[in-house]
Amino acid sequence: MDIVKLPELLVLGPPILFKVYEREFSTKFHILKPYESPLPTEIYLQTHGQSVRALLCYGKSPVTAQMLRLLPSLQLVMTAGTGVNQIDLPECRRLGISVVNTGDVFSEDTADYAVGLLIDVLRKISAGDRHVRRGAWPVHGDFSLGVKLGGKQVGIVGLGNIGSKVARRLEAFGCIISYNSRTKKSSVPYSFYPNVCELALNSNILFICCSLTEQTRHLINKDVMTALGKDGIIVNVGRGPIIDESELVKFLVEGEIAGAGLDVFENEPTVPKELFGLDNVVITPHRAAFTQQAFFEAFNVLVANLEAFFSNKPLITPV
Amino acid sequence: MDASIGVLMACPMSLYLEQELDKRFKLYRFWAQPSRQEFLKIHAESIRAVVGNATAGADAELIDALPKLEIVSSFSVGLDKIDLNKCKEKGIRVTNTPDVLTEDVADLAIGLMLAVLRRICECDKYVRKGLWKMGDFKLTTKFSGKRVGIIGLGRIGLAVAKRAEAFDCPISYYSRSEKPNTNYKYHSSVIDLASNCDILVVACALTPETRHIVNREVINALGPKGVLINIGRGPHVDEPELVSALVEGRLGGAGLDVFEKEPEVPEQLFSLDNVVLLPHVGSGTLETRNAMADLVIGNLEAHFLNKPLLTPVV
């Protein structure tokens, strides 16, 4: 009796999502794990990857042209997240390889977290919690005052899935929303600015919600931060390299902007140490999207895409 | 204004307010007196106004000690530190600072919900300690869509509801009576409310009836996945019960801006990662505290000029 062979899935990384759902993935697919092999990845792929049609990666496992050359049967690259900046998209296109991400499943949680970071910076929630826990309240009396959120001009860089959700949430707090995006969105009630500098000039708070591409690398630079001004706050839930990090640190240390909420950094998990002593920054370890519910939905989306792929049906969340 | 009008400020609350009161009246700082008894013996007759806040106001004892007291102007919206019945009896006017602080308090409630559910403060602490390593992670609880239950659907409760709705949170509430113009689901008991929500927010006034409105039964009904957010007053919650529920895991988490005996905070809470503790900063922004101070000054000026009070309570 023939045992039905499970389709092969090459996993790079491994992605955190894969670690959480490894057992479930393994019941449906034959998993190839170069990261557990003593062989260097190139050799492993040459040896074991010849018939692999689908691979799963994530933000920290690059899929390069060189790697694609080692996988002649590859037709599907999936990433266990939203960002695809680690994948050589033009090369995939050239080779007729489909690229899939997790679609919209992470955008609500990321938007929620972005708002949480902003309120924390403005109202000093983490700083206040630290103050209480070290017993400083009875000794030092009243804690320093924060900044009101209502009425603030919020500039959203990238009005996509995440940016639009941030906008909708902040409207309820009485914020005035404007944005910069690659294209002007015709049916949104927010003001559009043609470039990020002008957006910053007209905003108290900037949210970085766009993807990382050649065009957006170091988009938030010295000029943008100067335009934002001394009372300005930056929240980054996009990718670290969208901001010129060393400039940002300088601006924060010298008080040239008022504060920042940062979930992503240029060289994760390294965070500039100068930030550790600042009370006007909130720094988190790239977890804006990390909820049980989002991971469950992401797992389901990836499996649905794989099942569609292996039955020659249309992909669910192609990029 | 008449600089001979004595105004007694009950405790430190705002340097801006002190400055503005100094300009217009004879300001006495109660907390700076070496002996309150001595101070009252000498100055009681000239004090015509008391300025209080959430920490200290005008209780029966103080009111009795100030025979010329005409008005108590509170630098807060809460009136629990003022003996309102005594003021009514004696014809003493009382004002507070509604509306100007509503948004800040509601903003903070949402900030606390996000901080607790998504463990933002804990994450920040983790990174600052230099503990972030590649590949480590923790999955937290999604906030959007959680059922939010509000105790007290007044100005602040409604503002919390409006914000939570933008996160697709279904809203329910408990109030002394059902409110006619809302679509939110009404529960006639706090236990019912707690049994049917994921996040319970205390947003009502503190009165003898609402003291310990969040008790052991309510906390148990909220449950091991439930989160309590207190932006009202410490005594709304039975604090020892809250602490044991959190320590024992019978309650999922808490975001607390107020405590029964501020500035004391139960130390058993300090080692918990599912709580966020703030030093009563609900209205703590420069803009709002200045607006509150302006309202206190405006009320006092109106009173002493025989004009209608801006925000009278009594």
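Points to keep in mind about this one:
- Couplings for segment B:126-140, taken from phi via the Karplus curve 6.51 cos²θ - 1.76 cosθ + 1.60 with θ = phi - 60°, read 4, 5, 4, 7, x, 8, 5, 10, 4, x, 7, 6, 9, 8, 10 Hz in order; Gly and Pro are left as x.
- Among the residues of A:142-154, the average count of other protein chain beta-carbon atoms within 10 Å of the residue beta-carbon is 6.
- Centre-to-centre separation between the Cα atoms of segment B:242-307 and those of segment A:39-86: 53 Å.
- Pairs of C-alpha atoms in segment A:62-179 farther apart than 26 Å represent 49 percent of all such pairs.
- Whole-number percent relative contact order across chain B, with pairs defined as alpha carbons under 8 Å at least 6 apart: 17
- Each residue of segment B:61-124 gets 121 Å³ once the volume of the Cα convex hull is shared out per residue.
- Radius 11 Å from Cβ of A:Val235, net charge of other residues (Lys, Arg +1; Asp, Glu -1): -2
- Ordering B:Gly252, B:Phe75, B:Ser14 by the projection of their Cα atoms onto the charge dipole of chain B, which places +1 on the Cβ of Lys and Arg and -1 on the Cβ of Asp and Glu, puts B:Gly252 at the extreme positive end.
- Candidate lysines for bridging to A:Lys185, where Cα separation is under 21 Å - those fewer than 8 sequence places away on the same chain excluded: A:Lys165
- For segment A:148-290, radius of gyration divided by Kirkwood radius, i.e. Rg to Rh on alpha-carbons: 0.94
- Leading residue at positive end of dipole, segment B:1-138 (Cβ point charges), from B:Ala65, B:Tyr126, B:Ile5: B:Tyr126
- Globularity index of segment A:1-58, i.e. its alpha-carbon radius of gyration over 2.2 N^0.38 Å: 1.15
- Shielding by partners - mean other protein chain Cβ count within 10 Å, residues of A:103-116: 4
- List A:Met78, B:Met134, ordered by accessible area with a 1.4 Å probe, largest first: B:Met134, A:Met78
- Every helix of 4 or more DSSP H residues in the protein assembly as shown counts as -39500 (n - 2.57), and over all residues that averages to -10000 deg cm²/dmol at 222 nm.
- Inverting the pair-averaged 1/r between distinct Cα atoms of the protein assembly as shown gives 26.9 Å as its Kirkwood hydrodynamic radius.
- Dividing the radius of gyration of the alpha carbons in segment B:153-284 by their Kirkwood radius gives 0.94 for Rg/Rh.
- Descending by average beta-carbon neighbour count within 10 Å, the peptides A:187-199, B:255-267, B:136-148 line up as B:255-267, B:136-148, A:187-199, the highest first.
- Computed label-point distance, nm, for sites A:Ser144 and A:Asp223 using a 7 Å Cα→Cβ extension: 3.2
- Within the assembled protein chains, the solvent-accessible surface assigned to A:His48 is about 80 Å², based on a 1.4 Å probe.
- Count Lys and Arg as plus one, Asp and Glu as minus one, and take only other residues whose Cβ is under 12 Å from that of B:Leu131; the net charge is then +2.
- Cβ-Cβ FRET estimate between A:Thr64 and A:Arg168, R0 fixed at 35 Å, reported to 0.05: 0.40
- Coarse-grained scattering of segment A:217-319 at q = 0.15, 0.22 Å⁻¹, given as base-10 log I(q)/I(0) from a Debye sum over alpha-carbon atoms: -0.68, -1.07
- Chain A - Kirkwood radius from inverse mean 1/r over Cα pairs (Å): 21.3
- Heavy-atom accessible area, 1.4 Å probe, ligands and nucleic acids excluded: residues of segment B:239-283 down by at least 30 Å² from chain alone: B:Pro263, B:Phe270, B:Leu277, B:Leu278, B:Pro279, B:Val281
- Three semi-axes of the equivalent ellipsoid, chain B, Cα gyration tensor, whole Å, largest first: 38, 22, 18
- Per-residue HN-Hα couplings for segment A:199-213 [Karplus 6.51, -1.76, 1.60; θ = phi - 60°; Hz; x = Gly/Pro]: 4, 5, 4, 9, 10, 8, 9, 10, 10, 9, 10, 9, 8, 8, 9
- Percent of C-alpha pairs per 10 Å bin in segment B:157-212, short distances first: 21, 58, 20, 1.
- Long pairs among A:Lys28/B:Lys138; B:Lys142/B:Lys261; A:Lys124/A:Lys148, criterion Cα-Cα beyond 22 Å: A:Lys28/B:Lys138; B:Lys142/B:Lys261
- In a DSSP loop and with at most 12 other Cβ atoms within 10 Å, the trypsin sites (Lys or Arg not before Pro) in segment B:58-130 are B:Lys68, B:Lys129.
- In summary, the aspartates and glutamates within cross-link reach of B:Lys88, defined as a Cα separation below 16 angstrom excluding same-chain residues under 8 places away, comprise B:Asp59, B:Glu61, B:Asp64, B:Glu70, B:Asp80.
The values are calculated or read from the model by the stated rules, or taken from the named source; none is laboratory data. Keep in mind that what you see is a predicted model, and the values were worked out from it rather than measured. We place every Cβ from the backbone using ideal geometry, glycine too, and count neighbours over all the protein chains shown. Accessible surface is based on the protein model in full, side chains and every heavy atom, while ligands, DNA and RNA are left aside. Shrake-Rupley method; radii C 1.70, N 1.55, O 1.52, S 1.80 Å.
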